[in-house]
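Heads up: the structure comes next, in structure tokens.
The values are calculated or read from the model by the stated rules, or taken from the named source; none is laboratory data. As the structure is a computational prediction, the values presented were derived from the model and not from experiment. We place every Cβ from the backbone using ideal geometry, glycine too, and count neighbours over all the protein chains shown. Protein only, heavy atoms only, side chains kept; ligands, DNA and RNA dropped before computing areas. Shrake-Rupley method; radii C 1.70, N 1.55, O 1.52, S 1.80 Å.
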Amino acid sequence: MAFSAGSGGFNASGTPEMTSTAYDQVLSHAKLSSVWKHLYKKTKPLSRNTTGIDGQSINDFHLDAKGNLVRLAKDIREKKFSFSSLKPYLVPKPSGKKRLICVPTVRDRIVQGALVDYLADKYAERLANNISFGFIKGRSVHMAARIACTARNQRPWVYKTDITSFFDSIPRADLREAIKKIIKERSLHGLLFSALDCEVDSPSRAVASDISRLGIKCGLGVRQGMPLSPLFSNLLLVDFDQKIELSGAHAVRYADDLIFLCKDQDECNQVAAFCKGEFNKIGLDVPAVAPGSKSIIYPPDRPAEFLGLELAPVAGRYELRLADAQLLKLKQELLGFSNIKQLLSRNITLRTLGQSIAAKRDGYLGAYDLCANIEEVELELKKAEHKALRAVYGAGLGIRLAVIGADARAFLGLPRKC
């Protein structure tokens, strides 16, 4: 006797039983609870107040987490769950332009997180090819940069580029076909397609106008901010990565950032043409090599920037160094500990200030310990730490640092000498 999808056979008592689908397994109450706990733990305290379109924040969800998870699991089990629109937050950039942050509802983030956890594990081998390193379990920015640096010792010319407006330009039809081709669990396709089609809610004409000026078009692209977006990007580019491997080119890709290691300038030009041609086939593009462009050809004697690091020539070989621009960003993060009001909003007090700064600083040093200039980085971060502390003690607490003794300065975590 034949059964439709979802049916199993008969149990020991002779009554029909249903076979559990990937949908049931991936989105079980236990899985949702596990994802929720991880989401709550990894979200910074200040960000837990950010709301989705339903007006609910992580802190709100936390007030009745048990009941909320039971209701979410019930909606999923009864096939009543659907993704909501994304709430837009427009953040001013130093350039005067605005950056769009799309925030899903807490429920949506939990469901997408469960999907990502399952698919990232199940398809890790397919996604973790010799080219792609972004948003793949067991791989990292530093692994990508280290491999690129090693390759440059044999192939010193570099072509670096990134895909123009990548996430906002992804053709949904091509991504939908990639999902069908790669993801074998058909019971999950409906949710994946639904997430793919999520749009930003525009609460006013002004917000809609700002979003439009950013080049975001309804029906095109994948909105950043969704847990599934990075996975979607890798699914779309699986075929591209495979073509690079078959071509014999030496490349490393991290999401939309690409670097090719070449023997000479001619090869750089060839891979630039190859990238443009392949991306144009799926409605994407890379900028032409030109002054000020994000597409750059580096000769052997120039440091090549990639993912905030540099593949720098030193004594006939190449070594990894933290780029000046990235170091500046890290210093600015530490200087963020200099304002008392901001510290209080992050639940940081004088009792925990030193520990909080040290944890941030040591985290950076641990992440970049593979860089040849790590001692210089450590020194610069220490200076930024001391500057932040002086601001808190001086401007914030009114301590006259110039007149206190060396022991008092050391007690405050500052150098003994002014």
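Checking the Cα-Cα distances for Lys37/Lys97; Lys42/Lys93; Lys97/Lys122 against a 31 Å cut-off, the pairs over it are Lys37/Lys97; Lys97/Lys122.
Once each part is reduced to its C-alpha centroid, what is the distance from the range 32-78 to the range 326-343 in angstrom? With the range 32-78 and the range 326-343 each reduced to a Cα centre, they are spaced 29 Å. Across the options Ser338, Tyr318, Leu365, the greatest Cα extent toward the positive end of the charge dipole of the range 318-373 (unit charges at beta carbon of Lys, Arg, Asp, Glu) belongs to Ser338. Of the listed values (i) 41, 24, 19; (ii) 40, 33, 21; (iii) 32, 29, 18, identify the label whose number matches semi-axes √(5λ) of the Cα gyration tensor in Å calculated from this model. Entry (ii).
Sorted from largest to smallest, which semi-axis lengths in Å does the alpha carbon gyration tensor of the range 213-300 give for its equivalent ellipsoid, taking the root of 5 times each eigenvalue?
Values: eigenvalues 127, 54, 28 Å².
For the range 213-300, the semi-axes come out at 25, 16, 12 Å.
Relative contact order of the range 84-136: 25 percent, from C-alpha pairs under 8 Å at least 6 residues apart in sequence. Once you reduce the range 243-321 and the range 145-213 to the center of their Cα atoms, the two points are 19 Å from each other. Ranking Thr164, Phe193, Pro203 by Cα position along the charge dipole of the chain, where only Lys, Arg, Asp and Glu carry charges on their C-beta atoms, puts Pro203 farthest toward the positive end.
Let's see if you can work this out: charge +1 on each Lys and Arg Cβ, -1 on each Asp and Glu Cβ, no other charges. What is the dipole magnitude of the range 104-155 about its Cα centre, in debye to the nearest 20?
Details: 9 positive and 4 negative charges, 49 e Å.
Here the size comes out at about 240 debye.
At a threshold of 8 angstrom on Cα-Cα distance, excluding pairs fewer than six apart, so keeping six or more, what relative contact order does the range 62-165 reach in percent? Dividing the mean separation by the residue count of the range 62-165 yields 12 percent. Note on Asp117: accessible area is roughly 80 Å² with a 1.4 Å probe, heavy atoms of protein only. In this view, the solvent-accessible surface of Arg302, computed with a 1.4 Å probe and all protein chains in place, comes to about 110 Å². Residues in the range 36-126 average 57 Å² of solvent-accessible surface per residue, probe 1.4 Å, ligands and nucleic acids excluded. Rounded to the nearest 20 debye, the dipole magnitude of the chain is 1360 debye, with +1 charges on Lys and Arg beta carbons, -1 on Asp and Glu beta carbons, and the Cα centre as origin.
Treating the beta-carbon of each Lys and Arg as +1 and of each Asp and Glu as -1, no other charges, what is the dipole magnitude of the range 64-197 about its Cα centre, to the nearest 20 debye? Each step should come with its number before you reach the end.
Values: 27 positive and 13 negative charges, 32 e Å.
Magnitude of the dipole: close to 160 debye.
Over the chain, with a Gaussian network built from C-alpha contacts below 10 Å, which listed residue (Gly277, Gly221, Gly248) shows the highest mean-square fluctuation? For the chain, modelled as a Gaussian network with Cα springs under 10 Å, the answer is Gly248. When all protein chains stay in place and ligands, DNA and RNA are ignored, the 1.4 Å accessible-area order of Thr43, Thr349, largest first, is Thr349, Thr43.
With contacts taken as Cα pairs under 8 Å at a separation of at least 6 residues, the range 161-243 carries a relative contact order of 49 percent. Using a Gaussian network model of the chain in which every pair of alpha carbons under 10 angstrom is joined by a spring, one finds that among Leu328, Leu119, Leu235 the greatest mean-square fluctuation is at Leu328.
Accessible surface of Asp168, taken over heavy atoms with a 1.4 Å probe and every protein chain present, rounds to 40 Å².
Mean-square fluctuations from a GNM of the chain, with a 10 angstrom spring cutoff on Cα atoms, peak among Tyr123, Tyr254, Tyr159 at Tyr123. Since only Ile374, Ala255, Asn129 are under comparison, the one whose Cα sits farthest along the positive direction of the charge dipole of the chain, derived from C-beta charges on Lys, Arg, Asp and Glu, is Ile374. Among the lysines of the range 268-418, pairs at least eight places apart or on separate chains and with Cα atoms under 12 Å apart come to 5.
Protein-only accessible surface at a 1.4 angstrom probe places the residues Val314, Val158 in the order Val314, Val158, largest first. Sparsely packed loop sites in the range 69-151 (the trypsin sites (Lys or Arg not before Pro) outside DSSP H, G, I, E and B with at most 12 other Cβ atoms within 10 Å) comprise Lys79, Lys80, Lys97, Lys137.
In the chain, helices alone account for a calculated mean residue ellipticity at 222 nm of -14000 deg cm²/dmol, with every DSSP H run of four or more residues adding -39,500 (n - 2.57).
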